[in-house]
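Derivation of every value follows stated rules applied to the coordinates shown; laboratory data play no part. Quantities reported herein were computed from a predicted structural model and do not represent experimental measurements. For neighbour counting, all protein chains shown are included, and Cβ atoms are generated from backbone atoms with ideal geometry for every residue, glycine included.
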Amino acid sequence: MSTSILRGVTACLVLMFVLQVSGCETLRKKFTRKRKTKSTNEEMIVSPRDYSAHPFPNHVMYKQYFVYWKSWNQELVTALNDRASDKKVLECVDQALVNLKKMATYLEDKQAAALSGYIQKTETLKTRVHAMPGLPPAETNRFRYTAERILSSVNREFDPTRMKAHLKPDPA
């Protein structure tokens, strides 16, 4: 019995050696993915451009930031109304504040000073929201009311059609 087991093991080893030497290489070639295109050693041409100065006039940029601010402030009101997460509310307040500040950079000094009052109110709202994790319902309603007041006041007083005459002159 032991010789038959020995013969079986020997036959198995011989069969494995034969497969190793001859059959596997063709299978490996058969299932190896070949490149469809030849790689070339072409040099890439890079021409740097200067994007520091924007090509748009001040009234277009002011209108753009006004629209951004308005959408973020409306999103803030909606987030407070729907009792969204604190992270969502803080993101809305941050973005509204950033766009208000960018709007102020395009206004003349007198109007920029008037807008700075609303920037201060928005910063105060941001610090109050940041200080109260979890936002209790009574505070959420108060914050929403403040955000709605800022939205309606800035929308009425700093509309791009009204502010067109109060914008800084375009750089030459």
Given 99-108, 127-136, the highest-first ranking by average Cβ count within 10 Å works out to 99-108, 127-136
Mean separation of Cα contacts under 8 Å (at least 6 apart) over the residue count of the chain, i.e. the relative contact order in percent, is 26
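If I take R0 = 35 Å and measure r between the Cβ atoms of Lys168 and Glu91 in this structure, what FRET efficiency does the formula 1/(1 + (r/R0)^6) give, to the nearest 0.05? Intermediate results must be reported in sequence, preceding the final value.
Working: r = 29 Å, r/R0 = 0.84.
Plugging the Cβ-Cβ distance into 1/(1 + (r/R0)^6) gives 0.75.
How big is the Kirkwood radius of the range 58-166, worked out from every pair of different alpha carbons and given in Å to one decimal? Walk me through the numbers on the way to the answer.
On the way: mean 1/r = 0.0719 Å⁻¹.
Answer for the range 58-166: a Kirkwood hydrodynamic radius of 13.9 Å.
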In nanometres, the difference between 0.36 nm per residue of separation and the alpha-carbon distance of Arg49 and Ala11 is 6.5 nm
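In which sequence would Asp159, Asp82 go, from the one with the fewest C-beta neighbours within 10 Å to the one with the most? All intermediate terms of the calculation are to be shown ahead of the outcome.
Values: Asp159 13, Asp82 9.
Starting with the residue having the fewest Cβ neighbours, the order is Asp82, Asp159.
Using a Förster radius of 45 Å, what is the FRET efficiency between Gln74 and Arg33 based on their Cβ-Cβ separation? Nearest 0.05, please.
Details: r = 52 Å, r/R0 = 1.15.
Calculated value: 0.30.
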Expected unfolding gain across Ser4-His130 under the 0.36 nm per residue rule, minus the alpha-carbon gap, is 37.2 nm
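Is it possible to state the helix-based mean residue ellipticity at 222 nm for the chain, with each DSSP H run of 4+ residues giving -39500 (n - 2.57), the sum divided by total residues, to the nearest 500 deg cm²/dmol? What is it? All intermediate terms of the calculation are to be shown ahead of the outcome.
Numbers: 7 runs with 117 residues, N = 172.
About -22500 deg cm²/dmol.
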One finds the C-alpha centres of the range 136-154 and the range 67-117 to be spaced, in Å, by 12
